[in-house]
1. Determine, yes or no, whether PRO43 is over 10 Å from the mean Cα position of the chain (by Cα) and modelled with pLDDT of 80 or more.
2. Looking at the range 12-25, I want the residues that are surrounded by 10 or more Cβ atoms within 10 Å (Cβ to Cβ) and have a partner that is assigned to a loop (DSSP other than H, G, I, E, B) and not hydroxyl-bearing (Ser, Thr, Tyr) with Cβ atoms under 7 Å, at least 6 apart or on another chain. Which pairs are those?
3. Restricting the range 13-37 to residues that are among the acidic types (Asp, Glu) and at pLDDT below 90, which is farthest from LEU71 (Cα to Cα)?
4. Does the range 88-100 contain any residue that is surrounded by 10 or more Cβ atoms within 10 Å (Cβ to Cβ), aliphatic (A, V, I, L, M) and modelled with pLDDT of 85 or more?
Amino acid sequence: MTIVATLSHRNQAFAENRFQDGLEMMPTLKTMIVGCVDPRVDPTLVLGLELGEAVVIRNIAGRITPAIARLTGSTSSSQPSRPVCATSRRSSGQCCSTAPRTASG
């Protein structure tokens with residue numbers, strides 16, 4: 001089975017068995033999580049989030065601009081946000097935004 005076929009199958013299974021009708025578009029915790037794209041760390045698992053509780057956005061380094069931070073009321077700083085990465089707390093001290101790059105990537 002191809003990767004696309006596998007993912008399509010999982011999506012169909014989710015839609016049929018796990019999707020919860022009646023969830024509102026506004027998250028129940030009224031929270032937006034901005035996290036790193038590091039595939040080793042899933043914000044929903046790390047924070048114990050359930051469907052519909054928060055909006056989760058993943059980007060490179062898990063940072064937002066000061067303007068967005070002010071709009072959301074998360075900070076008044078003029079500096080970009082500093083990421084907090086679960087993998088950086090482990091022995092390597094590195095997450096995807098700080099890990100050294102190899103010739104192939």
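1. no
2. These pairs meet every condition: LEU23/LEU51; LEU23/GLY52.
3. The residue in question is ASP21.
4. No, the range 88-100 contains no residue that is surrounded by 10 or more Cβ atoms within 10 Å (Cβ to Cβ), aliphatic (A, V, I, L, M) and modelled with pLDDT of 85 or more.
The values are calculated or read from the model by the stated rules, or taken from the named source; none is laboratory data. This is a predicted model, so every value here is computed, not measured. In this analysis, Cβ positions are derived from the backbone assuming ideal geometry, glycine residues included, and neighbour counts consider all displayed protein chains.
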